[in-house]
Structures are given as C-alpha cells and as structure tokens.
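These notes concern the structure reproduced below.
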Amino acid sequence: MSFLNSFTENARNHPNKVALEFIDAPLQRVTYAELNALVNRTAGYLQSLGLQPGDRVALQLSKCFEFILLHLAAIQLGAISLPLNLAYPPDELKYFLEDSAAKLFFALETSKEKTQSILPELPHLQECIFLNPAEPNQFNSLITNLQSPISKSPVPSLQFSKSPREASNLSNTAVIIYTSGTTGRPKGAEITHGNLISNLQSLHEAWGWQADDILLHVLPIFHVHGLFVALHGALHAGATTLLMREFNAQKTLELLSSGRCTVFMAVPTIHQRLLDVPNANQYDLSRARLITSGSDRLPDEAFTAFQKTFGHTLLERYGMTETGMNCSNPLHGERRIGSVGHPLPGIEVRFVDSESRASLSTGEIGELEIRGPNVFKGYWNQPDKTSASFSADGWFKTGDLGYLEADGYITLCGRSKDLIISGGLNIYPPEVERVLTEHPAVAACAVIGCPDKEWGEKVTAVVALKKTESVSGEELMRFCREKLAPYKSPKSIVFKDDLPRNAMGKVQKAELRKEICSG
Ligand code: MLC
C-alpha cells in the first residue's frame, strides 16, 4: 500500500474526520474527504500547467495549506516535490532551481521582488507562480477556474499493484530534499515512494500511530522531520493534525497540557524553549501519548529537566534526510537517556571502523552504517557523490559515530564529518567558509560549532584578515547573510592573526574549538 493510497483510503473510511486544522490565522480546517478532493483538483491544476511524471515542482512557501496541497498533488501525479527552506536567499535559491532543473516554482508573493531577478537565468523553469497564503481564495480560484477544465477521468494516481510495474513505481523519486555536504554545493537527496512508504510503516508500528491521535505540529514542513515523520505520519494513520504556522512555546504548552493533543514532535531547541517558558512546571504534559525528540542529539540535562518539569519522558529517535528515521527508543519500555534506542522495524545497522571499514563488536565506537528500504536512491545527478556515500557492499555511511550496547540500544557520540547542527538544522562549515573567503578582506577562516544551550551548537567563524585589510565582525556577518540562509550564517566572529595548522597545512579545528568555545 502506498502513502497516498492509505490517505485516500482514510478519506473513504472516515470522510468527515478532520485531517488538517491550522490553528493560527488564517484559520483553516479540512476533513479527509475535502483534502482528498482538493489534492485531486490541485493535481488537475498542475497537469494543466504541463507537469509530467518525473518533473520537479519547487515549493518555497511558508507553512501553509497551499504547500501541503501542491506537495501531495505532485506526489500523486508521479512528479517530484522539491520543498525549499524559506530562509534561502536568491543566491542559494537559484542554485537549487538550476541544479534540479525545476519546471514549476511556487513562491511567496512577498518574495516576488527578490526572486524575480533570478528567474530569467533559469532556462528549465516554465512557470513561477507567486502565492499569498493569507488570501486562501487566491489558490482556490487557481485550482477551480482552470482554463482547460480537469479531464472528466480521475487524475491518475500511482498504483502500487503487485504487477511488474510495482518495483519501478516504488523506486521512482517522490521528493528531493537538498542537504549540504563536506565538499561542494548542496546535493539533492532523492527520496523514493518506497522510502516514504517503508518508513511510514516502520514508524506506525513503532510509535503505535492511531486514527484517533491528534498531532500538534509546530515544525517547518520543508524538512524530513516536519514533512515525512510528522505530517505524512498523521495522514497515513488517518489522524488529525493541528498545525501552528509559527512555533510559539507558550501556546504549545497550553495545547499539550489541555489533553487535546496526543502526539508532539520537536527538535531539542524547541524542547529547551518549552522548558524556558516562565513557570513551565505549571504545565502537566503527562496526558500526551507520545512526545518525540530528534534531528539533533538531546542533551541529558534537557531529557531530565523535561521529565521533571512536565512529567513526560521524551522519546528520542534518530534519522537523517537520506534515510528518514533509522532508530527509536521504545514506545513501551525504557526510553534511555543519551540513547537513540533500537533500529526501526526492517532497518539494519552496523558500526564500522572509519578507516579500515571493518565491522566492530558491541561497545566499540565506530561509524554507523544503515541498510534498508528507507535508504534513499542517491544524490540528484551526482553519481560520484552517491557512490562515495555507500560502502562497497551497499550500506549507507551516515558519518555519525557511536556504538551498540550489549542490550541492543544504540548510543551516538560524535561525527566523522565536519558538521554543525543548530536548532535541528545541518550546517556544513565548508559552505560557510566558501562564502567568507569570497570577502576581499578575509585571508583564511574556519567555521566551527560551539556548544550552546539554546541552539545545541552555535555557528562561530574564526577569521584571519589580510594584513592590509580591516573589517568588522558585523560586516562579515551581514556579508554571509546576503549569500546564505540566516541559520547558516555565523552568530559570532572571532578574529585571529593566524589559524593553527598541522604539518599538512590543514586548519586544526579541534584546537580552535578548545580555545574559542570554552572562552
Ligand atoms: C532560526 N535561526 C536559526 C535557526 N532557526 N539560527 C540557527 N539555527 C537555527 N535552526 C535564526 C533566525 O533566522 C534568526 O536570525 C534567529 O536565529 C532567531 O530566530 P528565532 O525567531 O528565535 O528562531 P525561530 O524562527 O523561532 O526558529 C527556531 C526553531 C527553528 C528552533 C523553531 O529553527 C526550527 O523550527 N527548527 C527545526 C528545524 C527542523 O525541522 N529540522 C529537521 C531537519 S530534518 P536573526 O538574526 O534574523 O534574528 C532532520 C532529520 C531528522 O534533521 O532526523 O529529523
């Protein structure tokens, strides 16, 4: 059964059940039957724009109903949905649209001015449609007043029959999500229909999703966490999703403690913000069935404080864009502090030595590798980077370090890749360093993550200037923000005359971290 098939089945079985409800303005609520009809209509609209299976539809929209309709409709048509972070400035956006050769692009009307400048440079882009989610009628009239009305025959939805076509359908790409890497520009991870379905099924089983669950959804919907794990998870289960457009800590606590919501998913920064609400301990979250934490390591202090303050034990799980969810602490049983639990049903893990790639035994620290139907197809148009990310025998190299405990729990304890995670978002230092070195005053730089209670890690740039130049930290930060999303831009700049280097000339980041982060 496919993800969309289960959603359609839910629409058939309980048409009047609320599927989605936006709880902040503009308030919007749709039942499963209404959502199903709207997705069909949106698919007709996309077809009328010439969208064909395999074409990319880029979405750089806020957390809005239109985003969800376009995303689901693209998947239904066998096209590829390409969700993009709203924070990307034109420079980055142009790269994503160019690299993916997106055919259609839906953007916010409020970004029209800055976006329009890049459009003439995108030969593959056939149509750019600007939307205003504050005006829901704008989209309604787009999908209802089609110039060539939708054909009377229903929009062809993907069929996952037991025919020989099954394999090819399941291995077709459904979504591309861009992730940065240790070298070069970001890469588009191709996530197939099979990946989506298998991960939904694993999580449905592991977390006991039920049709009477009510999910409180506060995450952005352009990432794996908010889109696949939370939103798809609820639609697959036939549950109701309450969506908050902008995360608000106080409101979240009020809703969770009211007993109305049964499921909540967030990143450690969000859990920390809940803990930081004044008088947080007046909110009792023990009635929620499941509150998960993921996208970054949950600090032990936050795990314990959450338990003590809210009377709820967080369930930590582990995943990544390329694989969806890999491991989870148990729904029933010990949710172990500092551990990501066990592999999800159908997923295999192993630890290997980062150098020799030999398999390690229980308790030995090594790099985590993953195998299973959840593992992505590859990076869009990047066969070399795809093959470099798999072992010779086909396991995906996560770049995360950890070990297997004797009782099967998995503990992660570092990364073999140069990666910063801030507020649940991955930032690859080379991408920031590339931008900083474009500044005429910068001779050399190194970007590191310093531990931070709120963000997990704070992007910090250590900069050596050219002898004859001078520039302020503020100016460098402004420079970065013009070219990079604000979350990737350094939150602080430290100037040094020279950067410490080893005999090979490589900057010694560990030394910089020791010197700068502890200060
Ligand atoms: C916002 N800012 C960030 C940031 N988010 N800086 C660093 N890291 C982040 N994650 C910037 C803003 O641009 C702003 O800059 C300043 O920090 C303060 O903004 P804010 O208003 O306080 O932040 P807010 O908008 O409230 O966002 C914080 C947040 C958000 C935690 C709610 O970052 C968030 O929703 N994070 C979740 C990300 C997520 O879903 N990750 C899943 C990836 S999937 P300025 O200078 O303009 O003020 C994945 C796989 C898996 O990893 O396993 O799940």
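One residue is enough: does the range 412-434 have a residue meeting the conditions without any contact (Cβ under 8 Å) to a residue 60 or more places away in the chain, hydroxyl-bearing (Ser, Thr, Tyr) and open to solvent by 20 Å² or more (accessible area, probe 1.4 Å)?
The answer is no, given that none of the residues of the range 412-434 is without any contact (Cβ under 8 Å) to a residue 60 or more places away in the chain, hydroxyl-bearing (Ser, Thr, Tyr) and open to solvent by 20 Å² or more (accessible area, probe 1.4 Å).
Please enumerate the residues belonging to the range 85-107 that are open to solvent by 20 Å² or more (accessible area, probe 1.4 Å) and over 19 Å from residue 482 (Cβ atoms).
99, 101, 103
If I ask for residues that are over 27 Å from residue 100 (Cβ atoms) and of a type in the set (A, V, I, L, M), which ones from the range 341-381 would you list?
Across the range 341-381, the qualifying residues are 344, 347, 349, 352, 358, 360, 365, 368.
Can you confirm whether the range 74-94 contains a residue that is of a type in the set (Lys, Arg) and without any contact (Cβ under 8 Å) to a residue 40 or more places away in the chain?
yes
Could you list, in sequence order, the residues of the range 337-363 that are surrounded by fewer than 13 Cβ atoms within 10 Å (Cβ to Cβ) and of a type outside the set (Gly, Ala, Ser)?
The answer is 348, 355, 362.
Starting from residues that are of a type in the set (Gly, Ala, Ser) and under 19 Å from residue 223 (Cα atoms), keep the ones in the range 294-318 and report whichever is least open to solvent (accessible area, probe 1.4 Å). It would help to see each step written out before you state the result.
Let us first name the residues in the range 294-318 that are of a type in the set (Gly, Ala, Ser), namely 294-295, 302, 305, 311.
Of the ones still in play, those that are also under 19 Å from residue 223 (Cα atoms) are 294-295.
Numbers: 294: 0, 295: 35 Å².
Filtering the range 294-318 for residues that are of a type in the set (Gly, Ala, Ser) and under 19 Å from residue 223 (Cα atoms), the one least open to solvent (accessible area, probe 1.4 Å) comes out as 294.
If residue 484 meets every condition in (1) surrounded by 14 or more Cβ atoms within 10 Å (Cβ to Cβ); (2) touching a residue at least 24 places away in the same chain (Cβ under 8 Å); (3) within 22 Å of residue 180 (Cα to Cα); (4) in contact with a strand residue (DSSP E or B) (Cβ under 8 Å, 6 or more places away or on another chain) apart from one, which number is that one?
If we test residue 484 against (1) surrounded by 14 or more Cβ atoms within 10 Å (Cβ to Cβ); (2) touching a residue at least 24 places away in the same chain (Cβ under 8 Å); (3) within 22 Å of residue 180 (Cα to Cα); (4) in contact with a strand residue (DSSP E or B) (Cβ under 8 Å, 6 or more places away or on another chain), just (4) comes out false.
If you check residue 513 against the conditions, is it more than 16 Å from the ligand (Cβ to nearest atom), touching a strand residue (DSSP E or B) at 6+ places or on another chain (Cβ under 7 Å) and without any contact (Cβ under 8 Å) to a residue 24 or more places away in the chain?
No; evaluated as a whole, the condition is false for this residue.
Tell me which residues, restricted to the range 1-44, are in contact with a helix residue (DSSP H, G or I) (Cβ under 9 Å, 6 or more places away or on another chain) and in a strand (DSSP E or B).
Residues satisfying the conditions are 18, 19, 20, 22, 28, 30, 31.
Just the residues that are within 13 Å of the ligand (Cβ to nearest atom) and of a type in the set (A, V, I, L, M), please, taken from the range 321-335.
Within the range 321-335, 325 is the sole residue that qualifies.
When the residues of the range 487-503 are filtered to those that are of a type in the set (D, E, K, R) and within 12 Å of the ligand (Cβ to nearest atom), which remaining residue is surrounded by the fewest Cβ atoms within 10 Å (Cβ to Cβ)?
491
Conditions: (1) closer than 25 Å to residue 421 by Cβ; (2) within 16 Å of the ligand (Cβ to nearest atom); (3) surrounded by fewer than 20 Cβ atoms within 10 Å (Cβ to Cβ). Residue 461 meets all but one. Number of the miss?
(3)
Looking at (1) open to solvent by 20 Å² or more (accessible area, probe 1.4 Å); (2) on the phi < 0 side of the Ramachandran plot; (3) in contact (Cβ under 8 Å) with a residue 24 or more places away in the chain, which is the only condition residue 389 fails?
The one condition residue 389 does not meet is (1).
Quick grid of which residues meet (1) closer than 27 Å to residue 187 by Cα; (2) out of contact with any helix residue (DSSP H, G or I) (no Cβ under 7 Å at 6 or more places or on another chain); (3) more than 14 Å from the ligand (Cβ to nearest atom):
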site	(1), (2), (3)
393	yes, yes, yes
399	yes, yes, no
466	no, yes, yes
481	yes, yes, no
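Among the residues of the range 310-320, what is the count of those that are part of a loop (DSSP other than H, G, I, E, B) and within 16 Å of the ligand (Cβ to nearest atom)?
Within the range 310-320, residues that are part of a loop (DSSP other than H, G, I, E, B) and within 16 Å of the ligand (Cβ to nearest atom) number 1.
If a residue must be part of a helix (DSSP H, G or I) and either closer than 23 Å to residue 134 by Cα or among the small types (Gly, Ala, Ser) (or both), how many such residues does the range 45-81 contain?
Step one: filter the range 45-81 for residues part of a helix (DSSP H, G or I), giving 45-48, 65-76.
Okay, now just the ones that are also either closer than 23 Å to residue 134 by Cα or among the small types (Gly, Ala, Ser) (or both), so 45-46, 48, 65-74.
Of the residues in the range 45-81, 13 are part of a helix (DSSP H, G or I) and either closer than 23 Å to residue 134 by Cα or among the small types (Gly, Ala, Ser) (or both).
Where in the range 199-309 are the strands (runs of 3 or more DSSP E), entirely inside, with at least 2 residues that are within 12 Å of the ligand (Cβ to nearest atom)?
Counting at least 2 such residues, we get 263-266, 290-293.
Is there a residue being in contact (Cβ under 8 Å) with a residue 12 or more places away in the chain and under 28 Å from residue 388 (Cβ atoms) anywhere in the range 450-458?
yes
Looking at the range 1-55 only, could you name the residues that are more than 19 Å from residue 80 (Cβ to Cβ), in contact with a Lys or Arg (Cβ under 9 Å, 6 or more places away or on another chain) and open to solvent by 50 Å² or more (accessible area, probe 1.4 Å)?
Within the range 1-55, 25 is the sole residue that qualifies.
Out of the residues in the range 401-431 that are modelled with pLDDT under 95 and part of a loop (DSSP other than H, G, I, E, B), which is nearest to the ligand (Cβ to nearest atom)?
Taking the candidates together, the pick is 419.
The values are calculated or read from the model by the stated rules, or taken from the named source; none is laboratory data. Only a predicted model underlies this, so the values are computations on that prediction, with no experimental measurement involved. When we count neighbours, we look across all protein chains shown, and the Cβ atoms used for this are built from the backbone with ideal geometry, even at glycine. With ligands, DNA and RNA removed, areas are computed over all heavy atoms of the protein, side chains included. Shrake-Rupley method; radii C 1.70, N 1.55, O 1.52, S 1.80 Å.
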